[in-house]
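Here is the structure we will look at.
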Amino acid sequence: MKLADFVINIDESKQDNRSLMMPHQKDAVDALNRWFDLTGKVTGPQNGLIVMPTGSGKTYTAVYWLLNSGVAQGYKIVWLTHRQELIAQTDSEFRRQAPSLKQYGVKRLRMISVSGSDYKMSHASRMDINICCIQSVANPYGYRFIKRMLGIDGQRKLIVVIDEAHHATSPSYRKVLTRISNLNPNRILLGLTATPMRMQESEHKRLLSMFDAGKGFIYEIKLKDLIRSGYLAKPIYQRINTN
């Protein structure tokens, strides 16, 4: 396995034709830039939660911010999720938007997908972007490679993303996040979810605490607002008698 297998040549990549962001996506990116300090002047962890409905472009919005505000300033990215299909979706989104890095003088982007169907944690070394299935990182084999995945650069400048962040209170996420935070106490944690809640009150409080949501969400837009604006279609409900 060669490092070249994971390299995206930015100079040779073609720009994605989706150059315009919807107003709510632009508002979310602006909110992210206000919430997180990426200058390196802030010490200690920074945490925050984005709340956007399914179909509103959470992944697109997050990737746009991560590339243009994070990677462009030398941040390493660890993206964690619990579903295989989200690994492929996120990988595709990063690849589509990667050419935007040309404007910052970035010539190459090193990216890996880690899961039971992709590469192993032992391959996650010297990457700019690590898109990982949480099970692959939290199991005994993968857990021992977390420090290697971050590398020296990731122990200085790191953004951790938890997709479907309402699952972040599970033991596997907390175990991995604790390890990452020990390696980089100044890491940034971004949660993405459409449903910022848990059924059990204790878990709900833990979720809000993990992302400092006691002081509010980074950005939130509701389904009804996107339907009203015409971005999402109005659902038509039909009752089905199943006996």
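The values are calculated or read from the model by the stated rules, or taken from the named source; none is laboratory data. Just so you know, these numbers come straight off a predicted model, no measurement behind them. Reconstructed Cβ throughout: ideal geometry from the backbone, glycine too, with neighbour counts over all protein chains shown. Note: areas computed on protein heavy atoms with side chains; ligands, DNA, RNA excluded. Shrake-Rupley method; radii C 1.70, N 1.55, O 1.52, S 1.80 Å.
With the structure loaded, tell me whether I218 is touching a helix residue (DSSP H, G or I) at 6+ places or on another chain (Cβ under 9 Å) and of a type outside the set (D, E, K, R) or whether it fails that test.
Yes; evaluated as a whole, the condition is true for this residue.
Yes or no: region 101-123 includes at least one residue that is among the aromatic types (F, W, Y) and either under 19 Å from A72 (Cβ atoms) or buried (at least 16 other Cβ atoms within 10 Å of the Cβ) (or both).
Checking region 101-123: at least one residue is among the aromatic types (F, W, Y) and either under 19 Å from A72 (Cβ atoms) or buried (at least 16 other Cβ atoms within 10 Å of the Cβ) (or both).
Can you give me the number of residues within region 45-56 that are outside any strand (DSSP E or B) and open to solvent by 20 Å² or more (accessible area, probe 1.4 Å)? Steps first, answer last, please.
Filtering region 45-56 for residues outside any strand (DSSP E or B) gives 45, 52-56.
Imposing the further condition that a residue be open to solvent by 20 Å² or more (accessible area, probe 1.4 Å) reduces the set to 45, 54-55.
The total comes to 3.
Can you name the condition, by its number, that S136 falls short on among (1) open to solvent by 80 Å² or more (accessible area, probe 1.4 Å); (2) touching a Gly at 6+ places or on another chain (Cβ under 9 Å); (3) in a helix (DSSP H, G or I)?
(1)
Do we have V71 as crowded, with 20+ Cβ neighbours inside 10 Å, at pLDDT 90 or above and not in a helix (DSSP H, G or I) here?
No; evaluated as a whole, the condition is false for this residue.
Out of region 190-213, which residues are surrounded by 19 or more Cβ atoms within 10 Å (Cβ to Cβ), in contact with an Asp or Glu (Cβ under 9 Å, 6 or more places away or on another chain) and hydrophobic (A, V, I, L, M, F, W, C)?
Once the filter is applied, which keeps residues that are surrounded by 19 or more Cβ atoms within 10 Å (Cβ to Cβ), in contact with an Asp or Glu (Cβ under 9 Å, 6 or more places away or on another chain) and hydrophobic (A, V, I, L, M, F, W, C), region 190-213 yields only L192.
Which one is farthest from P53 (Cα to Cα), of the residues in region 168-187 that are open to solvent by 60 Å² or more (accessible area, probe 1.4 Å) and part of a helix (DSSP H, G or I)?
So in region 168-187, the residues open to solvent by 60 Å² or more (accessible area, probe 1.4 Å) come out as 171, 174-175, 178-179, 182, 185-186.
Checking the rest, the ones that are also part of a helix (DSSP H, G or I) come to 171, 174-175, 178-179, 182.
Working: P171: 25, R174: 24, K175: 27, T178: 28, R179: 30, N182: 32 Å.
Out of the qualifying residues, it is N182.
What's the total number of residues in region 27-64 that are under 12 Å from the mean Cα position of the chain (by Cα) and aromatic (F, W, Y)? Walk me through how you get there before you give the answer.
Initially, region 27-64 is screened for residues under 12 Å from the mean Cα position of the chain (by Cα), giving 48-50, 58-64.
Now narrow it down to the ones that are aromatic (F, W, Y): 60, 64.
So the answer is 2.
Of a type in the set (G, A, S), assigned to a loop (DSSP other than H, G, I, E, B) and either at negative phi or in contact with a Ser or Thr (Cβ under 6 Å, 6 or more places away or on another chain) (or both): does that describe S100?
For S100, the condition - of a type in the set (G, A, S), assigned to a loop (DSSP other than H, G, I, E, B) and either at negative phi or in contact with a Ser or Thr (Cβ under 6 Å, 6 or more places away or on another chain) (or both) - is not met.
I'd like the full set of residues that are charged (D, E, K, R) and exposed (fewer than 11 other Cβ atoms within 10 Å of the Cβ), limited to region 216-243.
K234, R239
I need the full set of residues from region 188-218 which are within 20 Å of L80 (Cα to Cα), of a type outside the set (A, V, I, L, M) and not in a helix (DSSP H, G or I), in order please.
Matches in region 188-218: G191, T193, T195, P196, R198, F211, D212, F217.
Quickly run through region 90-119 and pick out the residues that are over 19 Å from L80 (Cα atoms) and among the β-branched types (V, I, T).
Hit for region 90-119 is V106, nothing else.
Looking only at region 79-96, count how many residues are touching a residue at least 40 places away in the same chain (Cβ under 8 Å), in a helix (DSSP H, G or I) and open to solvent by 10 Å² or more (accessible area, probe 1.4 Å). Full working, then the answer.
Looking only at region 79-96, we keep the residues that are touching a residue at least 40 places away in the same chain (Cβ under 8 Å), and these are 79-84, 86-87, 90-91, 95-96.
With the extra rule that they be in a helix (DSSP H, G or I), the set shrinks to 84, 86-87, 90-91, 95-96.
Those still in the list that are open to solvent by 10 Å² or more (accessible area, probe 1.4 Å) too: 84, 86, 91, 95-96.
Of the residues in that region, 5 qualify.
Which condition number in (1) touching a strand residue (DSSP E or B) at 6+ places or on another chain (Cβ under 9 Å); (2) surrounded by 17 or more Cβ atoms within 10 Å (Cβ to Cβ) is the one that N9 fails?
N9 satisfies all of (1) touching a strand residue (DSSP E or B) at 6+ places or on another chain (Cβ under 9 Å); (2) surrounded by 17 or more Cβ atoms within 10 Å (Cβ to Cβ) except (2).
Taking the criterion of being at pLDDT below 95 and either assigned to a helix (DSSP H, G or I) or over 21 Å from Q200 (Cα atoms) (or both), would at least one residue in region 145-165 satisfy it?
Looking through region 145-165, at least one residue is at pLDDT below 95 and either assigned to a helix (DSSP H, G or I) or over 21 Å from Q200 (Cα atoms) (or both).
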